[in-house]
Amino acid sequence: MTDLKNHADPAPAEQTAATPRRGRGTSHTQGIALIGGFAALMAVLHFTPPIPVGNFGVPITLGTLGAGLAGLILGPWRGSAAVGLWVGLGLLGLPVFSGFRGGLGVLAGPSVGYIIAFPVAAFLTGLLALYVIRHASRRWWVLLFTVGGFAASLASYRLLGIPGMALNLDVSLMEAFAMDLVFWPGDAVKTVLAAVIAVLVHRAYPSILVRR
């Protein structure tokens with residue numbers, strides 16, 4: 001009887017020890033809710049009055065802040081899904097773009113490249129967030145998020161936004177590049193802000209990037 005009892009005891013202990021590990025992270029339902037929430041955040045940020053610059057029809061908005069937050073907080077797949085959902089709803093006609101615009105008509109405007117670049121930026125910053133959180137010390141998170149976020153901005157908004165302006169405004173790439181330069185200071189500020197907010201969120205909810 002003693003032998004049977006000793007052999008039977010470890011199983012419940014192992015099951016109990018494993019339970020917290022299975023309970024960590026976000027569930028599929030919570031993930032969907034986060035995607036929807038950040039898509040709504042993108043719309044809200046674009047409802048703030050845009051700041052017109054120049055005469056080429058691309059205003060300064062808080063959209064890059066939202067895309068950066070989505071990627072840095074949710075990771076590459078859920079972050080890009082949230083921003084992609086916002087883009088999809090806008091193209092379907094919902095007035096979720098800056099100036100309460102929506103519909104396929106925006107694809108003929110100078111902002112087309114930037115709109116397409118939003119999900120790309122969220123995906124790239126999400127990859128960055130995963131790597132930094134897994135491999136870097138916490139004291140470097142804000143700096144690495146900022147530097148990586150600005151690099152993601154160059155690889156997305158600049159790479160897609162500038163050709164989009166050149167195409168739809170019928171100007172050269174160099175002229176479009178000169179127009180795009182006015183966005184750089186604001187994007188730098190929003191990148192730093194997104195990095196700080198994302199680090200605070202990860203410290204408060206360290207399992208937000210982990211799925212059950």
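Here are the numbers for the structure shown:
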| quantity | calculated |
| --- | --- |
| Qualifying residue in segment 157-180 (condition: closer than 21 Å to Ile73 by Cβ, surrounded by 14 or more Cβ atoms within 10 Å (Cβ to Cβ) and not polar (S, T, N, Q)) | yes |
| Qualifying position, being at pLDDT below 95 and within 14 Å of Ser80 (Cα to Cα), among Leu181, Leu124, Leu128, Leu169 | Leu128 |
| Unique residue being among the aliphatic types (A, V, I, L, M) and touching a residue at least 40 places away in the same chain (Cβ under 8 Å) when the list is Ala151, Ala136, Ala81 | Ala81 |
| Search result, residues across segment 97-139 that are polar (S, T, N, Q), more than 17 Å from His46 (Cα to Cα) and under 18 Å from the mean Cα position of the chain (by Cα) | Thr125 |
| Pick from segment 1-50, criterion closer than 30 Å to Tyr114 by Cβ and outside any helix (DSSP H, G or I), ranking: modelled with the highest pLDDT | Thr48 |
| Gly93 being small (Gly, Ala, Ser) and surrounded by 24 or more Cβ atoms within 10 Å (Cβ to Cβ) | no |
| Residues of segment 172-212 satisfying the condition of being in contact (Cβ under 8 Å) with a residue 24 or more places away in the chain and over 30 Å from Ser27 (Cβ atoms) | Met179, Val182, Phe183, Gly186, Asp187, Ala188, Lys190, Thr191, Val192 |
| Gly102 at pLDDT 95 or above and small (Gly, Ala, Ser) | no |
| Test for Pro206: is it under 20 Å from the mean Cα position of the chain (by Cα), in a helix (DSSP H, G or I) and not hydrophobic (A, V, I, L, M, F, W, C) | no |
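The values are calculated or read from the model by the stated rules, or taken from the named source; none is laboratory data. These figures come from a predicted structure and were not determined experimentally. A quick note on method: Cβ atoms are made from the backbone with ideal geometry, for glycine too, and the neighbour counts reach across all protein chains shown.
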